[in-house]
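See structure below.
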Amino acid sequence: MTEFENEKPWDPVEEMARGNAMRRDMYPAQERVVSFVLKKIEELKNGTLTNGCIFIDGPGGCGKTYTYRTLCYLMRGMEIKYKTSAWMGIAGNLMPDGRTMHKTFGLPFEMDSTSSSNAKPNSQTGKELIETQVFIVDEISMVPKYAIELIDRKLRELTEIDLPFGGKIFIIGGDFRQILPVEKKAGRNELIALSVVRSNLWENFEVFRLAENRRVVQNDEESRTNRPVRENFAQWLLKMGNGKIPADKEGYIKIPDAVVSRRDLVEEVFGECIANKDFDLLSRRVILTTTNERVHELNARVLELIGDEEEKIYLSVDTVDSNEPNTVINYPPEFLHSYNESGLPPHELKLKVNSPVILKRNLNPSTGLCNGTRLRVKCMHQHLIECEFIIGERTGQKVLIPRITLTSGKGNLPFVLHRRQFPVTLCYAMTINKSQGQTIDFAGLDLETSVFSHGMAYVAFSRVRAWEYLRVKTSEEKQGKVKNIVWKEVLLADDNQNQNQTSQNVSQTTREETQSQRSQEL
Ligand SMILES: Nc1ncnc2c1ncn2[C@@H]1O[C@H](COP(=O)(O)OP(=O)(O)OP(=O)(O)O)[C@@H](O)[C@H]1O
């Protein structure tokens with residue numbers, strides 16, 4: 001049920017009370033965002049709004065989602081029509097009525113500067129976009145600027161109002177210390193150019209900063225007793241994200257000794273859970289690594305270690321869709337079955353009861369089944385897999401996963417491959433890129449092969465709430481050090497300024513080292 005469906009399941013008075021209760025608990029920077037948005041809503045209502053663009057900058061855990069949720073409840077109370085979305089379904093799912101941006105704005109899957117949305121004035125999407133007064137878009141660092149520019153053009157066209165985003169209130173939030181838009185084969189300059197901060201629209205956004213990490217210092221007993229250590233972790237993460245931790249000339253930074261793994265990482269992360277058959281604990285632990293090949297290796301190894309649990313192998317049906325009549329001859333089934341790409345489940349899907357799996361497609365975002373949702377296998381049938389949610393509000397809730405037909409990504413093969421399979425893969429391990437937006441109880445970071453892009457190390461370290469939930473495997477050569485790539489051009493001006501102040505203290509060497517790191521990446 002969304003904002004636009006007839007029978008709203010909420011009562012505006014209750015929602016207003018809920019929003020106000022959350023608002024009372026806000027820290028001052030969050031409150032400033034809410035007051036500003038409410039002022040903009042007043043301007044919108046009395047027809048004086050000329051620019052409703054707002055950016056909420058917040059490192060992970062600083063309460064962006066909490067702020068969006070508060071705003072949504074207040075807007076429900078005020079009967080203001082809003083839409084919440086994110087680039088990835090998993091992030092959209094954390095907000096009330098959250099959807100993917102593709103669904104919300106009718107975006108095409110492949111985009112460039114000339115792309116257009118399929119939302120026509122008379123279509124359902126078009127009508128809803130016209131009616132919407134406030135948009136909230138999360139995880140903005142992953143969004144290519146073309147998407148935002150396309151939305152701006154579409155809203156101007158639909159509303160016939162020549163103001164940014166057609167005179168709507170357009171709130172974006174995120175953290176540019178995190179991974180940037182993913183674009184195959186794009187280098188540093190191209191990725192930076194793709195970022196929303198490089199769009200002409202960027203200058204319209206009023207910037208608000210949230211800087212208190214509320215995830216690491218929650219109001220529970222554990223956080224209260226460990227508060228100084230937790231705060232130290234939050235500050236270290238921020239310094240890492242801003243590129244303020246001194247690095248050696250290859251860009252490697254020292255990490256605290258206590259988190260360095262000196263044993264086999266798989267043993268260290270999963271050994272005890274496997275020995276105790278504690279599958280609940282096990283499924284909430286994940287090893288994060290840099291490449292898909294390494295993910296497959298690690299998943300296979302952990303599955304092997306889990307002794308005699310019931311196992312099933314599901315084989316996919318792979319077919320080719322091409323106008324080229326010889327395709328089937330050129331590409332025999334063995335070749336199709338051997339094909340793997342990150343968006344597809346494998347041909348041979350080997351699962352055990354209690355294995356954690358991750359969804360590869362948005363099956364039903366409104367029920368929490370998004371690309372990136374983590375589940376635990378409970379029962380394996382021939383045509384269905386029974387799973388339960390591992391984390392979040394739905395923990396323990398049961399769901400049935402059917403087989404579906406998935407299609408290979410555009411341009412990856414000279415033809416389109418259709419694979420009929422359960423849309424899941426094992427997730428004892430996942431790539432750091434895939435983990436963006438996930439909260440993980442305990443993470444092993446497999447950084448023997450170093451990270452290769454902006455924000456990867458920061459995303460990996462910031463998935464957990466405290467130092468004690470991390471184990472990091474570094475390379476033999478760089479014992480106790482990990483590579484930290486920070487492209488300062490995408491950070492906001494103040495972060496760079498603070499950085500400059502700090503780096504004056506840190507010494508000239510750091511700057512030279514960063515320069516050398518940059519030239520290496522280029
Ligand atoms: N003012 C607040 N009062 C109480 N709890 C809060 C407040 N702000 C945030 N929190 C809690 O802190 C935790 C982190 O907040 P939240 O998920 O909103 O952060 P975030 O910035 O969206 O993080 P991420 O970018 O990693 O998703 C959540 O459990 C949230 O409920």
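Tell me the Rg and the Dmax, in Å, that the Cα atoms of the stretch 12-209 produce.
Gyration radius and largest Cα-Cα distance of the stretch 12-209: 16.1, 51 Å.
About the Cα centre, and with charges only on the beta carbon of Lys, Arg (+1) and Asp, Glu (-1), how big is the dipole of the chain? Nearest 20 debye, please.
Dipole of the chain, to the nearest 20 debye: 480 debye.
In Å, what Kirkwood hydrodynamic radius results for the stretch 112-236 from the alpha-carbon pair distances?
Kirkwood hydrodynamic radius for the stretch 112-236: 17.1 Å.
Could you pull out the GluC sites (Glu not before Pro) across the stretch 39-135 that fall in loop regions by DSSP (anything but H, G, I, E, B) with no more than 16 other Cβ atoms inside 10 Å?
E79, E110
I'd like the antiparallel share, as a percent to the nearest 5, of DSSP beta bridges with both residues in the chain.
Once the DSSP bridges in the chain are tallied, antiparallel ones form about 50 percent.
Take each of the peptides 444-456, 359-371, 180-192, average the number of other beta-carbon atoms within 10 Å over its residues, and list them starting from the highest.
Ranking, from highest mean packing down: 444-456, 359-371, 180-192.
If you average 1/r over all unlike Cα pairs in the chain and invert the result, what Kirkwood radius do you get in angstrom?
Computed over the chain, the radius equals 24.5 Å.
5 Å is the cut-off here: which amide hydrogens, built 1.01 Å from N in the peptide plane, fall below it relative to L445, excluding neighbours closer than 5 in sequence?
For L445, the qualifying residues are L288, R471, V472, K473.
Pairs of alpha-carbon atoms within less than 8 angstrom and 6+ residues apart define the contacts here; what relative contact order does the chain have, in percent?
About 16 percent, as a whole number.
Dimensions of the stretch 327-434 along principal axes (Cα, Å, largest first)?
47, 29, 25
No solvent, one uniform scatterer per C-alpha: report log10 I(q)/I(0) for the stretch 221-483 via the Debye equation at q = 0.09, 0.12, 0.16 1/Å, two decimals.
-0.46, -0.78, -1.23
What residues of the stretch 66-91 lie in the reach of a label at K39, counting those whose backbone N is under 14 Å from a point 7 Å from the Cα along Cα→Cβ?
none
Considering only DSSP states other than H, G, I, E and B, which GluC sites (Glu not before Pro) in the stretch 456-486 qualify as loop sites with at most 12 other Cβ atoms within 10 Å?
Taking the stretch 456-486 and a limit of 12 other Cβ atoms within 10 Å, the loop GluC sites (Glu not before Pro) found are E476, E477.
Can you give the FRET efficiency for W10 and H296, using 1/(1 + (r/R0)^6), R0 = 56 Å, r = Cβ-Cβ distance, to the nearest 0.05?
Calculated transfer efficiency: 0.80.
Over all distinct Cα pairs, what is the inverse of the mean 1/r for the stretch 417-479, reported as the Kirkwood hydrodynamic radius in Å?
Its Kirkwood hydrodynamic radius stands at 13.3 Å.
Assuming 0.36 nm per residue, please report the length gained on full extension of the stretch D264 to R32 beyond their Cα-Cα distance.
78.8 nm
How large is ³J(HN,Hα), in whole Hz, for each residue of the stretch 251-256 in order, when computed from phi with the Karplus curve 6.51 cos²θ - 1.76 cosθ + 1.60 and θ = phi - 60°, using x for Gly and Pro?
x, 8, 10, 7, 10, x
I need the phi-derived Karplus couplings for the stretch 410-426: 6.51 cos²θ - 1.76 cosθ + 1.60, θ = phi - 60°, integer Hz, Gly and Pro marked x.
Those phi angles translate into 5, x, 6, 10, x, 8, 9, 9, 9, 10, 8, 6, 5, x, 9, 9, 4 Hz.
How far, in nm, would the chain grow between D162 and V229 when pulled straight, counting 0.36 nm per residue and subtracting the alpha carbon separation?
Length gained between D162 and V229: 19.1 nm.
What do you get for trypsin sites (Lys or Arg not before Pro) in the stretch 394-467 restricted to DSSP loop and a cutoff of at most 16 other Cβ within 10 Å of the site's Cβ?
K410
Values quoted throughout were computed directly from the atomic coordinates according to the rules given, and no laboratory measurement underlies them. As the structure is a prediction and not an experimental result, all values here were calculated from the model. Backbone-built Cβ (ideal geometry, glycine too); neighbour counts: all protein chains shown.
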